[in-house]
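Novice: The structure's right below; bear with me while I get my questions together.
The values are calculated or read from the model by the stated rules, or taken from the named source; none is laboratory data. In this text the structure is predicted, and so the values were computed from the model without any measurement. Methodologically, a virtual Cβ is constructed for each residue, glycine included, from the backbone with ideal geometry; neighbour enumeration extends over all protein chains shown. For accessibility, only protein heavy atoms count, side chains too; no ligands or nucleic acids. Shrake-Rupley method; radii C 1.70, N 1.55, O 1.52, S 1.80 Å.
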Amino acid sequence: MVVTPVSSPIRIADEVRSAIAENRPVLALESTIFTHGLPRPTNLETARQAEENVRARGAVPATIGVVDGVPTVGLSDEEIERLSLSDDVVKASVRELVTTACAKQDAGTTIAATALLAQRAGIKVFSTGGLGGVHHGASTTFDESADILALATTPIVLVSSGAKAILDIGATLERFETYSVPIVGYRTDRYPGFYVQDSGFAVPARVETADEVAQMFAFGRALDLTSAILVGNPIPEHEQMDAAMLDEVIQRAWKAAEEAGVRGQGTTPFLLDYIQRHTGGESLRSNIALYHNNVALGCEVARAISSLNRI
């Protein structure tokens, strides 16, 4: 079969396309957070609330996913609902963008795939919950998230609350250093720990304002650097979990995953679900709170970059 090439395989919503062309602030949002990260119906409620929050802060939301195999930047509300409620939606990192296209599948895009599609569309800022990274035992399993390499090769600002708490944070930070990915703490000297404010590791740099992040991004683009800028935004203090309790549950979650033989892309959803069930929903509450907090900061950064580009 001969496939006729097209100018771009990415579908960009008209609203998003216009905002990019007019240098208005646009914020990218991933879809795996509601296709694979949160339970129903909380997933759909959270996705819709995120878009509402972006609009309320003067930016245009661009939720990204795959619909019928087509990478889509700026899902409609109907498409968000479809991906949130479908039992057939798959999880797509960068490599799956090819296979889902051929199979015409629906997919939630990971950080790696979302960052790639956002940057290709001309979006400069992306907010998420927690980053992927190096899994425990990776020295023998080589289990590292594709997010690491993607963020080393995709020039975008990514606002998160650090790497997911289930990961080997020290090894993850080392990998980002190896790939020359800048990491800055937003009003903190400590690398955020997802459900908690402090992961136990320091950040190499600190910023106090969204304007500083915008200036860093502009300088990186002037140097033609290829990596993302990772902004670590701690969960609000009153929303964080008890660190000792969380550590104990995480250890049990890893043991349960090992006993169940969970591997690959299924690991993170399994662990997060285990933690949610065994913390009485506390992790879910914190996860949603930190996500909305990151969306708010992402809007500030997107506005700052847009303003800088008008100078």
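Novice: Tell me, please, whether a residue that is open to solvent by 20 Å² or more (accessible area, probe 1.4 Å), outside any loop (DSSP other than H, G, I, E, B) and either free of Cβ contacts under 8 Å to residues at least 24 places away in the same chain or over 20 Å from Val26 (Cβ atoms) (or both) can be found in the stretch 54-68.
Specialist: Within the stretch 54-68, the subset open to solvent by 20 Å² or more (accessible area, probe 1.4 Å) is 55-58, 68.
With the extra rule that they be outside any loop (DSSP other than H, G, I, E, B), the set shrinks to 55-56.
Keeping just the survivors that are either free of Cβ contacts under 8 Å to residues at least 24 places away in the same chain or over 20 Å from Val26 (Cβ atoms) (or both) gives 55-56.
The answer is yes; a qualifying residue exists.
Novice: While we're on this one: Taking the stretch 223-267 as the region of interest, how many residues are out of contact with any Leu (no Cβ under 9 Å at 6 or more places or on another chain), closer than 23 Å to Pro192 by Cα and either open to solvent by 40 Å² or more (accessible area, probe 1.4 Å) or part of a helix (DSSP H, G or I) (or both)?
Specialist: So the count comes out to 13.
Novice: Let me ask something additional. Return a yes/no flag: does the stretch 294-311 have any residue that is surrounded by 13 or more Cβ atoms within 10 Å (Cβ to Cβ), among the aliphatic types (A, V, I, L, M) and more than 23 Å from the chain's Cα centre (by Cα). First the steps, then the outcome.
Specialist: Looking only at the stretch 294-311, we keep the residues that are surrounded by 13 or more Cβ atoms within 10 Å (Cβ to Cβ), and these are 294-308.
Then keep just the ones that are among the aliphatic types (A, V, I, L, M); that gives 295-297, 301-302, 304-305, 308.
Then keep just the ones that are more than 23 Å from the chain's Cα centre (by Cα); that gives 308.
Yes: one or more hits.
Novice: I'm told Pro71 meets every condition in (1) farther than 26 Å from Val94 by Cβ; (2) at pLDDT 95 or above; (3) not hydrophobic (A, V, I, L, M, F, W, C) except one. Can you identify the failing condition by its number?
Specialist: Condition (1) is where Pro71 drops out.
Novice: Leu271 passes all but one of (1) touching a strand residue (DSSP E or B) at 6+ places or on another chain (Cβ under 8 Å); (2) open to solvent by less than 20 Å² (accessible area, probe 1.4 Å); which number fails?
Specialist: Looking at each condition in turn, Leu271 falls short on (1).
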